[in-house]
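S.K.: One structure coming up, written as C-alpha cells, with questions to follow.
FYI, it's all coordinate maths here, none of it is from the lab. Owing to the predicted nature of the structure, the values given are computational and were not obtained by experimental measurement. Because the Cβ atoms are built from the backbone with ideal geometry, glycine has one as well, and the counts that use them run over all protein chains shown.
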Ligand SMILES: C[S@@+](CC[C@H](N)C(=O)[O-])C[C@H]1O[C@@H](n2cnc3c(N)ncnc32)[C@H](O)[C@@H]1O
C-alpha cells in the first residue's frame, strides 16, 4: 500500500471521489495509485514529460498490480490526454507558472464543471491570476506544514470564459481563498505571504526605488491583514 506525505495527502483530500483523475507530472504515480488503493477513485490517467519519471510510475503501478487501472502516457502537459472525456485533473509539485502554462497550452480542459486540484510549489499568485481571469472559480484552498516548508493546494472548477477581464483586486492573487480555509495552517501561509510582501516593500523603500510599487504593496498587505482577521 502506498502512503503519502502530508503535501500529497492534502492533494488527495481535494480530489473528487469516483471521478477518473488525470495526474500530470505524476513522477512515481504515488497519488493515482493511493487514490485507487483507498477506493477513492476506480481508475486514473497519469503522465509525465520525461521517460525516467514515467518509468518510475510504471514500476509503482506494476508493483501494486494496477496495470489495468492506471493509463500512463509520456506527455508534455496535457497534450496526449485530449479525447478521453476527462473531467478531473491534478497538477502538483511544480511552479505556479509552469502549472498555468500547462493549462494555457490545453484550452480543451476549459469545460464547464471540470475539476482541478493544483499544488503550486512557488508563484501561486501567477497561477491564481490565470485562474481568476480565465473563467475558473477557486472553490477552496488548503495549507499544510511539513518540516520547515508550508505547502498549499488549490481546488478549482471551470465556470465559463469571461467576455471581458473580471476586476480582481491584486491582493486576491496573493492569498486566493486561503482566508476562508478550513486548514489550521492557513494562518501560517497568510503570515508567510505578508512577510514576503513586507520584505519586498522594505527593500524598495530602502533603495528609494519604485515608490509606486511600495505604495501598492502597502495597501495589499493591509488588505490581506484585514481579510485574515
Ligand atoms: C517534483 S515532481 C512532482 C511529482 C508529483 N506530481 C508530486 O507532486 O509529488 C514534478 C514532475 O513533473 C514533471 N514535469 C515537469 N514539467 C512537465 C510538463 N510540462 N508536463 C508533464 N510533466 C512535467 C517532471 O518530469 C517531474 O516528474
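S.K.: Which of 139, 193 comes first, and how do the rest follow, when ranked by fewest Cβ neighbours within 10 Å?
M.R.: By the 10 Å Cβ count, ascending, the order reads 139, 193.
S.K.: Considering only DSSP beta bridges where both residues belong to region 6-165, give the percentage that are antiparallel (nearest 5).
M.R.: Taking every DSSP beta bridge within region 6-165, about 40 percent pair in antiparallel fashion.
S.K.: Please compute the contact order of the chain in relative form: average sequence separation of alpha-carbon pairs under 8 Å and at least six residues apart, divided by the residue count, as a percent.
M.R.: Dividing the mean separation by the residue count of the chain yields 15 percent.
S.K.: If I take all pairs of Cα atoms in region 169-229, what percentage of them are more than 17 Å from each other?
M.R.: Percentage above 17 Å: 37.
S.K.: Where is the GNM fluctuation largest for the chain (alpha-carbon springs, 10 angstrom cutoff): 42, 62, 167?
M.R.: The residue with the greatest mean-square fluctuation here is 167.
S.K.: Kirkwood hydrodynamic radius, the chain, all distinct C-alpha pairs: what's the number in Å?
M.R.: Numbers: mean 1/r = 0.0539 Å⁻¹.
Computed over the chain, the radius equals 18.6 Å.
S.K.: Let me ask you something else. Pick out which of 95, 83, 52 has the largest mean-square fluctuation in a Gaussian network model of the chain, springs linking Cα atoms closer than 10 Å.
M.R.: With Cα springs under 10 Å in the chain, the top fluctuation among 95, 83, 52 is at 83.
S.K.: Let's test the formula: R0 of 45 Å, r as the Cβ-Cβ distance of residue 79 and residue 139. What FRET efficiency results, to the nearest 0.05?
M.R.: On the way: r = 26 Å, r/R0 = 0.58.
E(calc), rounded to 0.05, equals 0.95.
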